[in-house]
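Everything below concerns the one structure shown next.
Quick note: the coordinates plus some simple rules give every number you see, no bench work behind them. Small disclaimer: the values here were computed from a predicted structure and weren't measured. We place every Cβ from the backbone using ideal geometry, glycine too, and count neighbours over all the protein chains shown.
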Amino acid sequence: MFVDDVLDVVIVGSGPAGLTAAIYAARANLRPLVIEGQISSTSDQPGGQLMLTTEVENFPGFIDGIQGPELMANFRAQAARFGARFLTEKATRVDFSSRPFGVWVGDEEFRARSVIVATGAQSRMLGLERERELIGHGVSTCATCDGFFFGDQEIAVVGGGDSALEEATFLTKFASKVSVVHRRDQLRASKIMQERAFKNDKIEFVWDSVVSELEGDKRLEGLRLQNVKTGAYTSVPVSGLFIAIGHVPNTGLFRGQLDMDENGYLITRDGAKTNVEGVFACGDVQDHVYRQAVTAAGSGCMAAIDAERWLEAQGDGDHA
């Protein structure tokens, strides 16, 4: 492919952050190569987490909403229009110890003056049969994204930490009842989050329980729960299930080379800069707070601009 060339920028990942970075980098004549992931992979598939989302109603500019895969296809086509190149494979190794940097796809090595990391994160799932099949059809991992669709309905949230209670509290703006299912008899969430949830009349807690089965044909219609202490099963009719047991950033490839926090998220400073000069990070791989398509896109823009300015300062490339 482009093995013999030293590229201006390689972008690893192709969700909203990676593709926005590709749009900006391509318009700056950096001719980015986007290593977009494998179609068969759930952790780094092309298009990121929005490929598992049906209706996206909170991305600016789409009055009637847009399907997640269609939105990502538009992002990709726009980047390609400006000259971005794509490799639908998974990056398997990187070397940021010297410049130009090395990025490998299997045995194929790419050398780049700068790298933008946009590998995203993945939601922890319950591991149930049909779980991913029902994503967007009653099962969700994002209350901010999908809560609006569950007005006056009974729904459930799985989890016991701050994120679970935050999701549950947010969902009471729409749902008539929110059942928080937790495998223990006490929560891990902070005291203030617990107090807010306990005071909320719309929130009910189901203790010592796990979801053993998702009920419903083409849409979620209920949950089969098992009590971990008694072993007894019960069925709970709900039209929505929000899984809030945490996220895992896709950063294993960069361990030992880029600074990470205790949860594995890449640490960025002064915009999108990592601890390695010339390597930038954007999107959910470094954002554990907002995790929205629009904020990921914004940080992708930042990463591309930071990379362009850094390359100019180095005097590298035709654009300098």
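The figures follow:
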{"read-out": "The chain: angle of helix 16-27 to the longest principal axis, Cα-based, in degrees nearest 10", "value": "20 degrees"}
{"read-out": "Rg followed by Dmax, in Å, when region 199-296 is reduced to its Cα trace", "value": "19.8, 56"}
{"read-out": "Distance histogram in 20 Å bins (all Cα pairs of the chain, percent per bin)", "value": "32, 50, 17, 0"}
{"read-out": "Magnitude of the charge dipole, region 276-315, Cβ model with Lys/Arg +1 and Asp/Glu -1, debye to 20", "value": "120 debye"}
{"read-out": "Rounded to the nearest 20 debye, dipole of the chain from Cβ charges on Lys, Arg, Asp, Glu", "value": "400 debye"}
{"read-out": "Values of log10 I(q)/I(0), in the order q = 0.13 Å⁻¹, for region 125-243 under a Debye, Cα-only, solvent-free model", "value": "-0.44"}
{"read-out": "Choice from Ala80, Ala296, Ala232 showing the highest fluctuation, given a GNM over the chain with Cα pairs closer than 10 Å", "value": "Ala232"}
{"read-out": "Charge dipole of the chain about the Cα centre (unit charges at C-beta), most positive-ward option of Leu253, Gly18, Val94", "value": "Leu253"}
{"read-out": "Likely footprinting exposure, Thr20, Thr295, Thr234, fewest C-beta neighbours within 10 Å first", "value": "Thr234, Thr295, Thr20"}
{"read-out": "Packing-based exposure ordering (other Cβ within 10 Å, fewest first) of Asp261, Asp306", "value": "Asp261, Asp306"}
{"read-out": "Across the chain: Cys residues that no other cysteine approaches within a C-beta distance under 4.7 Å", "value": "Cys282, Cys301"}
{"read-out": "For the chain, with +1 on Lys and Arg beta carbons and -1 on Asp and Glu, the positive-most of Leu7, Asn263, Ala80 along the dipole", "value": "Asn263"}
{"read-out": "Sequence-distant residues sharing a close amide H with Leu7 (under 5 Å, placed H)", "value": "Arg111, Ala112, Arg113"}
{"read-out": "Difference of contour (0.36 nm per residue) and Cα-Cα distance, Ala232 to Glu131", "value": "34.2 nm"}
{"read-out": "Contact order normalised by residue count of the chain, Cα under 8 Å, 6+ apart, percent", "value": "21 percent"}
{"read-out": "In order through region 162-178: 3J(HN,Hα) via Karplus (6.51 cos²θ - 1.76 cosθ + 1.60), integer Hz, x for Gly, Pro", "value": "4, 5, 5, 6, 5, 5, 4, 5, 4, 5, 5, 5, 10, 6, 7, 7, 10"}
{"read-out": "In degrees, nearest ten, helix 68-81 long axis to first principal axis of the chain (Cα)", "value": "10 degrees"}
{"read-out": "Exposure proxy ranking, count of Cβ atoms within 10 Å, fewest first, for Met193, Met72", "value": "Met193, Met72"}
{"read-out": "Cα long-axis angle, helix 293-314 against the chain (0 to 90 degrees, to the nearest 10)", "value": "20 degrees"}
{"read-out": "About the Cα centre, charge dipole magnitude for region 125-243 (Lys/Arg +1, Asp/Glu -1 at Cβ), debye", "value": "280 debye"}
{"read-out": "Per-pair calculated FRET efficiency, R0 = 41 Å: Asn58 and Asn275 via Cβ, rounded to 0.05", "value": "0.80"}
{"read-out": "Gyration tensor verdict on region 11-128 (Cα atoms; rounded if a/c is under 1.5, prolate if a/b is larger than b/c, oblate otherwise)", "value": "oblate"}
